[in-house]
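One structure below.
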Amino acid sequence: MLKKLKYLNKIHSSKNSSIQHEQSNQPQTPIDKHISENHLQLKNILGKSADVKFRDFQFMLHEPIDIFLCFIDGLVNEDSVNTYLLKPLMEPNFLLQKDYRESEDLIKIIKNNILSSASIQEFQTIEDAVDHIILGNTVIFINGYATCLSISTQGFETRNVAEPDTESTVRGPRSGFNEVLKVNTALVRRIINNPKLTFESMKIGKQTNTNIRIGYIAGI
């Protein structure tokens, strides 16, 4: 029995290493300076999933600069997104408008002087951005820059996800769904970190109009 377990573990390890090797050899897509192209790339990769959210707005300097955020509903703390990202970026910053020079790097100014987050990272590829989005980060794209910012915004507030009474398990996570739809989709996403995971929203029931989401991995 022990020999069989060791053999299966060896096969599993070699399979994982081959998958990681294939992923590392995949071509990377650089971030475009035009955010409309990045918007399209993200939609092509993440699909039309109902829990993938885009927030477009303008950052005011000497002239408006187009910006958009991308995050997954249920994986982020919405209060953090509103308070520490949207609010400082959308409110007029008169000191910045007065002192800003076009030769300065706006990405670094936003990162170091505007956003108040403990964890901010810069990336230059769409694949890196997608990896961080499905982990619960919020990614910012700025028109005119081939770099995006990933800000740590993981977390949500709700009641604890408890172990199901009728489906106890010996191994694996002891958690089950609850009555909050976005919590359930987030629970699935925390287990399946695949950008092709898609949730489609619809309503059923002539009288109740119950909101449901159908989840699947696109391409399978």
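Quick one: Karplus J couplings for region 128-141, per residue in order, coefficients 6.51, -1.76, 1.60, θ = phi - 60°, nearest Hz, x for Gly and Pro?
So the J values, rounded to whole Hz, are 5, 4, 5, 4, 6, 5, 6, 8, x, 7, 10, 10, 10, 10.
Pop a pseudo-label 7 angstrom from the Cα along the beta-carbon direction at both Lys87 and Asn112 and give the gap in nm to one decimal.
If labels sit at Lys87 and Asn112, their model points lie 2.5 nm apart.
For Asn194 and Ile120, FRET efficiency with R0 = 25 Å and r from the beta-carbon atoms, rounded to 0.05?
On the way: r = 25 Å, r/R0 = 1.01.
FRET efficiency, Ile120 to Asn194: 0.50.
Where does each of Ile204, Ile220, Ile109, Ile142 land when they are ranked from fewest to most other beta-carbon atoms within 10 angstrom? Mind dumping the intermediate values first?
Values: Ile204 9, Ile220 6, Ile109 16, Ile142 22.
Ranking Ile204, Ile220, Ile109, Ile142 by Cβ neighbours within 10 Å, fewest first, gives Ile220, Ile204, Ile109, Ile142.
Along the Cα→Cβ direction, 7 angstrom out, place labels at Leu40 and Phe177. What is the inter-label distance in nm?
The answer from the label model is 3.6 nm.
How do the peptides 73-85, 48-60 rank, highest first, by the average count of neighbouring beta carbon atoms within 10 Å per residue?
So the order, starting with the most tightly packed, is 73-85, 48-60.
Just so you know, all these numbers are worked out from the coordinates, no wet-lab data involved. What you are looking at is a predicted structure, and each value in this text was computed from that prediction instead of being measured. Cβ coordinates were reconstructed from backbone atoms using ideal geometry, including for glycine residues, and neighbour counts include every protein chain displayed.
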